[in-house]
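Everything on this sheet refers to the single structure shown next.
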Amino acid sequence: MIEHLLGFFAPWGLFALILALQALVPARRAEGYARDETSNEPITYRLNGLPVFLLVVVAWFVAGHTGLMPYEWLWQHRWSGLAGAFVLGLIASGLALRDVPTQSASWLKDYFLGRKKNPSLAGGRVDAKMYLYAAGAIVLELNLLSFAAYHVLNHPTDFSLGVILYVCLFTWFICEYLVFEHVHLYTYDLFAERLGFKLVGGCLVFYPYFYGVGLWATADLPNPDSPTWYLILSAVVFFSGWVLARGANMQKYYFKRDPSHVFLGLIKPQSISDGERHVLCSGFWGLSRHINYLGEVLMATGLTLSLGWPWLIVPWLYPLYYAVFLPTRERDDDHRCEEKYGELWHQYREKVPKRIIPYVY
């Protein structure tokens, strides 16, 4: 019983630790695209996701090495940990509604979508959204390391190289997000969405416990003996997606800050403009209107393939989630852009007719 309670409250402790570190660890400051709802001035953020990530991961290794917390402990308590994170997400989403005027006639709608756009924590030292993304990423990394440790400890002489590759690729995915943390200050979530269960639960529960679903299904399986060419192919699919997603996001980031910026010194910006507003339509954004979403699907596919069990259904839930969710999000974003840009967006649609997959969809 005590072990189950420890597992249940483990994510609470981890998220509290990450919040404390984000408030205390020195941070760089960056101005974002979102604006303060009162002053209408751009919001300035303290960004220290990467050093906090490194501190927590090192602490995990030290705890495992000293026996304070066995390396596989999070795997052994994965279900109670998931339950604890879910309850925490429910409570935190309710707290986010306090002292904020209602946004709709439905309390449940407010609870899910939120009321406030850019709340802060720790006396204003931590932006709530950026904390949630970093915290979810860090706990995901700890789960991946613990699940992989369980696999290696149970198959010490014949562990799967695919599991190691999976964790390495996912660690790249997490670290590069934290390295480019400032770029995400210009993404849809930060300037458009409000803080409700959709975002809170997504970061505290879905992100750290669902994204690694591949290891939930395969960490206790034996080595599938994937050939080298198969592992290389998986990595190629992953990094092809990463180039599309990261390249598109970086090009848009630089364009928003300077519409004349030549991306990578090679891609000259072309845009549709009415003199005040600009819509980028060259480079990655000339291939499709959301080429970055294709990149996300490819990365998830490469990760799933790397495990070496392509015929198992459960690991495919991660790329399937993207394949279902992102087209829906693309429609919402398309509608929002149409409202914001009007005729400019109609011209962009004509110039770049495909939504996500070039020449196909």
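Some points to look at:
- Selection of first residues in segment 276-304 that are more than 28 Å from THR171 (Cβ to Cβ) and of second residues that are open to solvent by less than 10 Å² (accessible area, probe 1.4 Å) and among the aromatic types (Phe, Trp, Tyr), restricted to Cβ pairs under 7 Å at least 6 apart or on distinct chains, gives the following pairs, ordered by first then second residue: VAL279/TYR348; CYS281/TYR348.
- Within segment 96-154, the set of residues being in a helix (DSSP H, G or I) and among the small types (Gly, Ala, Ser) comprises ALA122, GLY123, GLY124, ALA128, ALA134, ALA135, GLY136, ALA137, SER146, ALA148, ALA149.
- Residue in segment 273-285 that is polar (S, T, N, Q) and more than 20 Å from the chain's Cα centre (by Cα) present: yes
Table: residues versus (1) open to solvent by less than 10 Å² (accessible area, probe 1.4 Å); (2) closer than 19 Å to LEU244 by Cβ; (3) outside any helix (DSSP H, G or I).
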residue: PHE284; (1), (2), (3): no, yes, no
residue: GLY295; (1), (2), (3): yes, yes, no
residue: LEU298; (1), (2), (3): no, yes, no
residue: LEU312; (1), (2), (3): no, no, yes
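- Any hit, segment 55-78, residues being basic (Lys, Arg) and at pLDDT 90 or above: yes
- Applying the criterion of at least 2 residues that are touching a strand residue (DSSP E or B) at 6+ places or on another chain (Cβ under 9 Å) and open to solvent by 20 Å² or more (accessible area, probe 1.4 Å) to the helices (runs of 4 or more DSSP H) found wholly in segment 169-281 leaves 188-192, 228-257.
- Residue selected from segment 45-93 under the condition open to solvent by less than 30 Å² (accessible area, probe 1.4 Å) and free of Cβ contacts under 8 Å to residues at least 40 places away in the same chain, by the criterion nearest to HIS4 (Cα to Cα): ALA63
- Filter result (in a loop (DSSP other than H, G, I, E, B), under 18 Å from TYR186 (Cα atoms) and under 24 Å from the mean Cα position of the chain (by Cα)) within segment 37-82: ASN48
The values are calculated or read from the model by the stated rules, or taken from the named source; none is laboratory data. Because the structure is predicted, anything quoted here is derived from the model rather than measured. Please note: Cβ atoms are built from the backbone with ideal geometry, for glycine as well, and neighbour counts cover all protein chains shown. In case anyone asks, the SASA skips ligands and DNA or RNA and just uses the protein heavy atoms, side chains included. Shrake-Rupley method; radii C 1.70, N 1.55, O 1.52, S 1.80 Å.
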